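The next block holds one structure in the form of structure tokens; read it before the comments.
Nothing in this text is a laboratory measurement; each read-out follows from the coordinates by a stated rule. Bear in mind the structure is a predicted one, so any value in this text is a computation, not a measurement. Don't worry about glycine lacking a Cβ; one is built from the backbone with ideal geometry, like all the others, and counts go over all protein chains shown.
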Amino acid sequence: MGIIKEFKEFAIKGNMVDMAVGIIIGTAFNSVVNTLVKEVVMPPLSLMTNGIEFADKKWVLRDGVEEAEGITAIEEVAIGYGALIEAFLDFLIIGFTIFLVIKVMNRFRTKAENPDDKREVTPKDIELLSKMNHLMEEQNQLLKKNFSNKD
């Protein structure tokens, strides 16, 4: 009974919805990155390397043997390092894109949390904390003056 209650709390708090949205967006982003790598990045790279297609690059460990009617008797065994190169490029593009998105988000967050910047609306909790901080600084200055005057 306790695990059902915990699951309800988990689902109601929005964690599950946030996670589902993240997975859906991540899946769509993966499709965009795959297309970007295969259709935008790899053709110029292939052109620069005299038409070499990285996806077709492999080290053949054992050649395949075909019978007379085109049926494969022995399958080829190969290490496809070209696919690894493409996957590595996917990783670099995804990593760099996420870095840029987080950098932009942090810039907006810094602007929004700055109580002195009137162009951006400061969240109420940050604004209240800022006011409390200013009041405490004023109080400390008054206490320092009173303490130094007694000496």
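Take a quick pass over the chain and tell me how many lysine pairs come in under 16 angstrom between Cα atoms, counting only ones 8 or more apart or on separate chains.
Value for the chain: 5.
For the chain, count all C-alpha to C-alpha pairs, find those more than 28 Å apart, and express that count as a whole percent of the total.
Taking all Cα-Cα pairs of the chain, the fraction more than 28 Å apart is 63 percent.
In deg cm²/dmol, rounded to 500, what helix-only [θ] at 222 nm does the chain give when every DSSP H run of at least 4 residues adds -39500 (n - 2.57) and the total is split over its residues?
-22500 deg cm²/dmol
Angle between the Cα long axis of helix 15-35 and the longest principal axis of the chain, 0 to 90 degrees, nearest 10?
Once rounded, the angle reads 50 degrees.
Taking a label point 7 Å from the Cα of VAL40 along the Cα→Cβ vector, which residues of segment 69-98 have an amide N closer than 19 Å to it?
Flagged as within label range: 86-98.
So how tilted is helix 124-150 from the main axis of the chain? Cα-based, degrees 0 to 90, rounded to 10.
The two axes meet at around 40 degrees.
So how tilted is helix 81-113 from the main axis of the chain? Cα-based, degrees 0 to 90, rounded to 10.
Tilt of helix 81-113: around 20 degrees.
Please report how far the C-alpha centroid of segment 124-146 lies from that of segment 1-65, rounded to the nearest whole angstrom.
Answer, in whole Å: 50.
Determine the gain in length on full extension of the stretch LYS131-ILE102; use 0.36 nm per residue of separation and subtract their C-alpha separation, reporting nm with one decimal.
Extra length from LYS131 to ILE102 when fully extended: 7.6 nm.
Rounded to the nearest 20 debye, what is the charge dipole size of segment 1-106 about its Cα centre when +1 sits on each Lys and Arg Cβ and -1 on each Asp and Glu Cβ?
840
From the square roots a ≥ b ≥ c of the eigenvalues of the alpha-carbon gyration tensor of segment 1-85, which class results: rounded (a/c under 1.5), prolate (a/b over b/c), or oblate?
Since a/c reaches 1.5 but b/c is at least a/b, the shape of segment 1-85 is classed as oblate.
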